[in-house]
Amino acid sequence: MALRPEDEHFMAAAIRLSRQHLGLTSTNPSVGCLIVKDGVIIGSGVTALGGRPHAEPQALAEAGEGATGATAYVTLEPCSHYGKTPPCAEALIAYGVARVVISVTDPDQRVSGRGITMLREAGIEVDTGVLETEGRRSLAGYLMRQTRNRPYVTLKLAISADGMIGKTGAGQVRITGDAARAEVQMLRAESDAILVGIGTAIADDPELTCRLPGLEDRTPLRIVIDDELQLPLGSKLVRTARQYPVIAVAGHPPPFDENTDAAFLGRRAALDAAGVEVLQSNSSEPGELLEALGTRGISSLLVEGGAKTARRFLDAGMVDRILLFQGPAEIGEGGIESPVLKSNIPADFIHVGQSRFGDDLCDEYERGF
């Protein structure tokens, strides 16, 4: 691999560009592409909303004839197959690009090295693995769905100075400040789906939307683990279900009992009439739900609580990233203990960084895949 001094600089810019449409390109990944000539960016593209067009043809179109002899920086290996659009590798060849620099090789069996081969056979110089760790991080959801047929799961917790995530009977308790809460809104905007347990849904009555001005349309699919379908019809989630989709995940039907089944089916019919989709899945086995979501093209899932739901995903080994937002105040008596703290992070996670948001800190942990 004949790397050049500028390669990491331009790949970092392509990765930043790719993040613009995270959560908005399902089922395709959000890819960034830059066309660079004589050290100047002459074309740029990011996978369009809904997944098409891809990044490369947009960047090439912007570069025009200038793409001849230029270098393309792409965060994911260009596709080599005919789908709903022609292969991006073919477009790079047609425009006369001289060199292609790739961060991550595509695990999709329809591509998986074929794009690289196609480019090299056309006489184009190809270098791979540039900022691969950063590239894989930006593509984590897509890579997880391709390799394991499930979403990449991020567990987010806001923890008080004394290790609590809330207070019994107090509803929503403000633990972090405005800057940290704005960061959580961005996490929602970048996620395909967000999930809470029924306890949190009833106690806090959250809306789970993206509330940053101008990004309301980036609200993810909202999911509630609700074995008995207890989600109140007057809750914010139900009242907004026709605007922003909601799934209530019910447990598998119990053995037949006329009274029990009648009540359950009545609640299901009421939720259905309100626009809430009911999905039946074994909540004690999060992998079953994740597989169902992966089949739907959901690549990233943000788990926001509460303690029981977080512990269920942790115990099942179905958490890939942990974000611990730490506030400076204590909750004290009646506090609900966090299912995980910095002092007892599972052994297979590594600490990848700490960020400050006002008076709050956020520690990030990842598990490789």
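Remarks
- Taking every C-alpha pair closer than 8 Å and separated by at least 6 residues, the mean separation divided by the residue count of the stretch 150-366 gives a relative contact order of 34 percent.
- Paramagnetic reach from ASN149 in the stretch 262-290 [backbone N under 13 Å; point 7 Å along Cα→Cβ]: 288-290
- Taking ASP7, ASP192, ASP261 and counting other C-beta atoms within 10 Å, the order from fewest to most: ASP261, ASP7, ASP192
- 5 angstrom amide H check on VAL126, placed H, neighbours 5+ away: VAL100
- Centre-to-centre, using Cα atoms only, the stretch 177-245 and the stretch 109-165 are separated by 26 Å.
- With R₀ set to 45 Å, the beta-carbon distance separating ALA13 from GLN230 gives a calculated FRET efficiency near 0.40.
- Take the Cα of ALA98, go 7 Å toward its beta carbon, and the backbone nitrogen atoms of the stretch 1-44 under 20 Å from that spot belong to 1-11, 34-44.
- Remark: the ALA273-ALA61 segment gains 71.7 nm on full extension, using 0.36 nm per residue and subtracting the alpha carbon distance.
- Estimated at 0.36 nm per residue, the fully extended path between LYS342 and ALA122 surpasses their Cα-Cα distance by 74.1 nm.
- Projected area, mean over directions - the stretch 263-353, Cα convex hull, nm²: 9.1 nm²
- Centroid-to-centroid separation of the stretch 36-94 and the stretch 339-356 [C-alpha atoms, Å]: 38 Å
- For the chain, modelled as a GNM whose springs connect Cα atoms under 10 angstrom apart, the maximal fluctuation among ALA270, ALA170, ALA307 occurs at ALA170.
- Among VAL126, VAL224, VAL100, the residue with the largest mean-square fluctuation in a Gaussian network model of the chain, with springs joining Cα atoms closer than 10 Å, is VAL126.
- Phi angles of the stretch 272-279 translate, via the Karplus equation with coefficients 6.51, -1.76, 1.60 and θ = phi - 60°, into HN-Hα couplings of 4, 5, 7, x, 8, 7, 9, 10 Hz per residue; Gly and Pro are given as x.
- Comparing GLN109, GLN326, GLN230 in a Gaussian network model of the chain where C-alpha atoms under 10 Å apart are linked, the largest mean-square fluctuation is found at GLN109.
Laboratory data are not the source of any read-out in this text; all were calculated from the coordinates shown. Quantities reported herein were computed from a predicted structural model and do not represent experimental measurements. Note that each Cβ is placed from the backbone with ideal geometry, even for glycine, and that neighbours are counted across all protein chains shown.
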